[in-house]
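These notes are about the structure you will find just below.
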Amino acid sequence: MKFIDSIAIIVRAGKGGNGIATFKTSKAKPKMGPDGGDGGKGGSVYLTGDNGVNTLSNLRFKGIYAAEDGVQGGANGCTGRCGKDFIITVPVGTAIFDAETKELLGEVMHEDHKVLIAKGGQKGLGNMHWATATHQRPEESRPGGKGEERNIQLELKLVADVGLAGFPNAGKSTLLSVISAAKPKIADYPFTTLVPNLGVVDAGANDGYNLKSFVMADVPGLIEFASEGKGLGHQFLKHLERTSLITYLVDIADEERTPVEALQILKHELMSFSQDLGSKPAIVVLNKTDLVDADIVAKWTAEIEKLGHEVLTISAVTNKGLQALKYRLYDLIQVYKNQVALASDKTEEITNFLFDRKESNDFLGLN
Ligand SMILES: Nc1nc2c(ncn2[C@@H]2O[C@H](COP(=O)(O)OP(=O)(O)OP(=O)(O)O)[C@@H](O)[C@H]2O)c(=O)[nH]1
Ligand SMILES: [Mg+2]
C-alpha cells in the first residue's frame, strides 16, 4: 500500500433537523395547543486512532467526509432522528491542523482516542417550546443549526520507541528484519528504503510475566545536508522526533568515512533538523563487525566512547550482539518512559488545553 503521511481533506458535519410548528388536532376541539417536535442533532465528524493502521493512504480516495444531517421534527411532538456521526480511522500519532490557518487542532494520541473535528449542527426546536399561558398558539419554531465544515490537514508522525538513524546501506533494514517480524526490502545499494518501516521487537519475556517488546522504526538513510532537504532523509526525520531513543547505526566497514565521521555527520543532521531531536537519548551501534578484525572494533568502540556515547557492536548478518542490543534498548526505553511519566502532568496539561479550548469554543458557539 502506498505510504502517505500528509493529506488534506474536507470534513463536513451534518445540519441539525428543523423544529416544526404544528398543532394538535381534534374535530371536537379545533383550537388545541402546539405539538411541533424538535429536529434531531446533526452528526459530527471524529478522528479515531487505530494501532493497526500506519498510513493515511486510505483517505486519498475521498475528498469530503460528511456526517449525516439530523431529521426534521414531526407533529405529535415527535423528535427527528439524529444524524449519524462519521468516524475516520487514522494511525495513532496523527496531528490535525486547520489547512488554512495552520493552527494545531488536536492530535490522535492513542488507540480509540476520539477527537472531534467538525461538530454537528444543533437540533431545531418545535413550537411546543414557545407555549405559555398567554401565548397558547405559538407559530414560532427554530431551524436546525449548520454543521461545522473545515478544511483540515492531517500529518502523521509515526510512533516508535526506537528510531534508527544511519547512512544509506548501513544495515538498518537488515537489523529490523532480523530482530522483528517486519520484512523491509534489503539491498546492496543506497536508498533501498523509501518509506519508514515499523517492527515490533520481542526482547524476550525475561521477567516471566510481561512480554518485553518495543517498536523500532527503520527510516530511509540520511546523508549530509539531509536537514536542508538533501536526499530522502529530510521528510522522514520528523518520524524520528516521536521516538524515545535514537540508535545511530554506523557501518564500521564503510570505506567512505570513519565511524566517528559518520556519527558526527548524523548527529549534526539531527541537531540541524531540530534541537529536540538532536538532544534525544541515543546510543551508537557499530554494525557489520563481521567484515573487520576485532582490534578495529575495539579501536572504534573506544573512540566513540571517548565522545561520551554508549556503544554496542553487532553484525546484523551473523546475528552477533543482537540479544544484548535488544535487552539494552528495552531497558533504556523503560528509563526514558519513567522519566516522561514523571514529567507527564505537564504534557497532559498541554494536550488538555488543546482539546478544552476546542470544546469550550464549541460550547460557546465560536467554532
Ligand atoms: N557483512 C554484512 N553485511 C551487512 C550487515 N548488515 C547489512 N549488511 C548488508 O548491507 C547492505 C545494505 O543493507 P540494508 O539493510 O539494505 O541497509 P539500509 O541501512 O537499510 O540502507 P537504505 O535503506 O538504503 O538506507 C545489504 O547488502 C546487507 O546485506 C552486516 O552486519 N554484515
Ligand atoms: Mg533500508
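The values are calculated or read from the model by the stated rules, or taken from the named source; none is laboratory data. All values reported here derive from a predicted model rather than from experimental measurement. So basically every Cβ, Gly included, is an ideal-geometry build from the backbone, and we count neighbours across all protein chains shown. Ligands, DNA and RNA are excluded from the accessible area calculation, which covers all protein heavy atoms including side chains. Shrake-Rupley method; radii C 1.70, N 1.55, O 1.52, S 1.80 Å.
How much FRET efficiency would the formula 1/(1 + (r/R0)^6) give for residue 62 and residue 305, where r is the Cβ-Cβ distance and R0 is 45 Å, rounded to 0.05?
Details: r = 53 Å, r/R0 = 1.18.
Plugging the Cβ-Cβ distance into 1/(1 + (r/R0)^6) gives 0.25.
In deg cm²/dmol, rounded to 500, what helix-only [θ] at 222 nm does the chain give when every DSSP H run of at least 4 residues adds -39500 (n - 2.57) and the total is split over its residues?
Details: 7 runs with 91 residues, N = 367.
Value at 222 nm, helices only: -8000 deg cm²/dmol.
Residue 202 to residue 318: extension gain in nm, 0.36 nm per residue of separation minus the Cα-Cα distance? So the chain would gain 39.9 nm between residue 202 and residue 318. Here is the list for the stretch 36-99: trypsin sites (Lys or Arg not before Pro) lying in DSSP coil, each with at most 16 other C-beta atoms within 10 angstrom of its C-beta, are 60, 62, 81, 84. Spin-label model, residue 187 to residue 271: label points 7 Å out along the Cα-to-beta-carbon direction sit 3.5 nm apart.
So between residue 26 and residue 294, what do we pick up on full extension, going 0.36 nm a residue minus the alpha carbon distance?
Working: separation 268, 0.36 × 268 = 96.48 nm, distance 10.07 nm.
Contour length minus the Cα-Cα distance gives 86.4 nm.
If you sort 309, 135, 110 by accessible surface, 1.4 Å probe, largest first, the order is 110, 135, 309. In the stretch 57-128, a dipole from Cβ-located charges (positive for Lys and Arg, negative for Asp and Glu) runs towards its positive end, and of 124, 58, 113 it is 124 whose Cα lies farthest in that direction. Helix 322-342 versus the longest principal axis of the chain: what angle, 0 to 90°, nearest 10, using Cα atoms? Helix 322-342 sits roughly 40 degrees off the main axis of the chain. Using the 1.4 Å probe convention, the accessible area of the stretch 162-345 works out to 48 Å² per residue with neighbouring protein chains retained.
Take the Cα of residue 114, step 7 Å along the line toward its Cβ, and report every residue of the stretch 37-62 whose backbone nitrogen sits under 17 Å from that point. Under 17 Å, as judged by backbone N against the label point of residue 114, lie 41-51 of the stretch 37-62. If only the Cβ of Lys and Arg carry +1 and only the Cβ of Asp and Glu carry -1, the dipole of the chain around its Cα centre is close to 2080 debye. Beta bridges per DSSP, both residues in the chain: antiparallel share near 55 percent.
Result for the chain in a Gaussian network model with C-alpha springs under 10 Å: among 325, 291, 270, the largest mean-square fluctuation is at 291.
Mind checking the stretch 235-305 for GluC sites (Glu not before Pro) that DSSP puts in a loop (not H, G, I, E or B) and that have at most 14 other Cβ atoms within 10 Å? Could you put the intermediate results ahead of the total?
On the way: sites: 241, 255, 256, 261, 269, 303, 305; in loops: 255, 256.
Answer by residue number: 255, 256.
Can you tell me the orientation of helix 344-364 relative to the chain, as the angle in degrees between its alpha-carbon axis and the longest Cα principal axis, to the nearest 10? Helix 344-364 sits at roughly 30 degrees to that axis.
With all distinct Cα pairs included, what does the Kirkwood hydrodynamic radius of the chain come out to in Å, to one decimal, could you say? Intermediate values should be presented prior to the final figure.
Details: mean 1/r = 0.0417 Å⁻¹.
Hydrodynamic radius (Kirkwood, Cα pairs) of the chain is 24.0 Å.
Once the Cα atoms are used to define both axes, helix 259-273 deviates from the longest principal axis of the chain by about 20 degrees.
Expressed as a whole percent, the accessible area of the chain that falls on carbon and sulfur atoms is 52 (1.4 Å probe). Within the stretch 149-173, name every residue whose backbone N is under 19 Å away from a label modeled 7 Å from Cα of residue 241 along the Cβ vector. Backbone N within reach: 152-166.
What are the ³J(HN,Hα) couplings of the stretch 58-65, residue after residue, when phi is run through the Karplus curve with 6.51, -1.76, 1.60 and θ = phi - 60°? Round to Hz, x for glycine and proline. Result, ordered by residue: 5, 8, 7, 8, 9, x, 10, 10 Hz. If the segment from residue 89 to residue 129 were pulled out straight at 0.36 nm per residue, it would be longer than the present Cα-Cα gap by 10.5 nm. Shape class of the stretch 162-345 from the alpha-carbon gyration tensor: rounded, with the ratio a/c of largest to smallest axis under 1.5.
Normalising the average separation of contacting C-alpha pairs (under 8 angstrom, six or more residues apart) by the number of residues puts the relative contact order of the stretch 162-345 at 21 percent.
Take the chain and mark each of the chymotrypsin sites (Phe, Trp or Tyr not before Pro) that is in a DSSP loop with at most 10 other Cβ atoms within 10 Å; the longest unmarked stretch, sites excluded, is 210-367. Largest accessible area first, the residues 272, 173 order themselves as 272, 173 under a 1.4 Å probe with ligands, DNA and RNA left out.
What does the convex hull of the alpha-carbon atoms of the stretch 1-104 project to on average, in nm²?
Details: hull surface 36.8 nm².
Taking the Cα atoms of the stretch 1-104, their convex hull projects to 9.2 nm² on average.
Over the C-alpha atoms of the stretch 84-135, the Rg to Rh ratio, Rh being the Kirkwood estimate, stands at 1.29.
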